[in-house]
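The values are calculated or read from the model by the stated rules, or taken from the named source; none is laboratory data. Computed from a predicted model, the values in this text were never measured in an experiment. Here Cβ is always computed from backbone atoms with ideal geometry, including for glycine, and neighbour counts include all displayed protein chains. Protein only, heavy atoms only, side chains kept; ligands, DNA and RNA dropped before computing areas. Shrake-Rupley method; radii C 1.70, N 1.55, O 1.52, S 1.80 Å.
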Amino acid sequence: MKIAVVADIHGNRDALQAVLADIHKRGIQTIYNLGDSLYGPLFPLETYELLVEAKVQSLMGNCDRMLLGDASNPTLRYVQNLLGDKHRQWITNLPAAIETDDFYFCHGTPASDEVYMLENIGANGSTLKKTEEIMNYVQDIQQQIIFCAHTHNPRVVYLPNNKIIINPGSVGLPAYEEELPIYHKMESGSPFAHYTLVSKEQDNWLIEQVLIGYDRQEVINKSKENGRLDWTCALETGRM
């Protein structure tokens, strides 16, 4: 058994194409997507088509949910103006979480798509949360392997109760800045597309965090065209 997990694509068609090609080359059929799929100044409709064609099992992230509400910024309006009825229906039908016998998938935490499960944000930036706080988020989750996203930073955390929390990082946006709860940056430090492979051999879980290089020029040009130079910097460098 082997699965691939992607997250935070943010309309980056070219990064998703590269990731899906790598997954298919490895012969993996089962792909899960932790949300925030289409939002961004790039290629939302093309990203949707790739996800549907590849039969990726997707859930709803906070930015997916935002696409169903009022436009609060130019990038949100850009995406909403492109969406047709089938795209809106697809977003509406996305679940908040997905469960299998072995795995639990969510975007932020089981209770919120806006809360970072693994990181605290403070004056000195991002730090790993205390073990007890992380365990509180997942105390009612029965599965041993729990996936979260939202921070765009790949991370694997082992808990004393034998649970493992995995953030696959971002396929399409390797860095961003956010004003709340206080101003902070999340930076992966590289411009590559990130995703995770998980398999089981006998009683051992094998976790592989994968980085894929891809031709970024078209998405960089698109971010400039749509006035998002912060995205341009992130796509070029993995930093803000």
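Values for this structure:
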{"quantity": "Cleavage-rule hits (trypsin sites (Lys or Arg not before Pro)) in the stretch 1-61: DSSP loop, at most 14 neighbouring Cβ within 10 angstrom", "calculated": "26, 55"}
{"quantity": "Simple spin-label estimate for residue 72 and residue 211 in nanometres, 7 Å along Cα-Cβ", "calculated": "3.3"}
{"quantity": "Student exercise, the chain dipole from Lys, Arg, Asp, Glu Cβ charges, in Debye to nearest 20", "calculated": "260"}
{"quantity": "For the stretch 10-91, accessible area per residue (1.4 Å probe, heavy atoms of protein chains only), Å²", "calculated": "42"}
{"quantity": "The chain, accessible surface, carbon-and-sulfur percent (1.4 angstrom probe)", "calculated": "46"}
{"quantity": "Within straight-line cross-link reach of residue 130, lysines at Cα separation under 29 Å, skipping those fewer than 8 residues along the same chain", "calculated": "163, 185, 200"}
{"quantity": "The stretch 129-217 - accessible surface per residue (Å², probe 1.4 Å)", "calculated": "49"}
{"quantity": "Fraction of beta bridges assigned by DSSP in the chain that are antiparallel (%, nearest 5)", "calculated": "70"}
{"quantity": "With DNA, RNA and ligands ignored, accessible area of residue 28 (1.4 Å probe; Å², nearest 10)", "calculated": "10"}
{"quantity": "Residue-averaged [θ]222 nm for the chain, counting only DSSP H segments that reach four residues, each worth -39500 (n - 2.57)", "calculated": "-8000 deg cm²/dmol"}
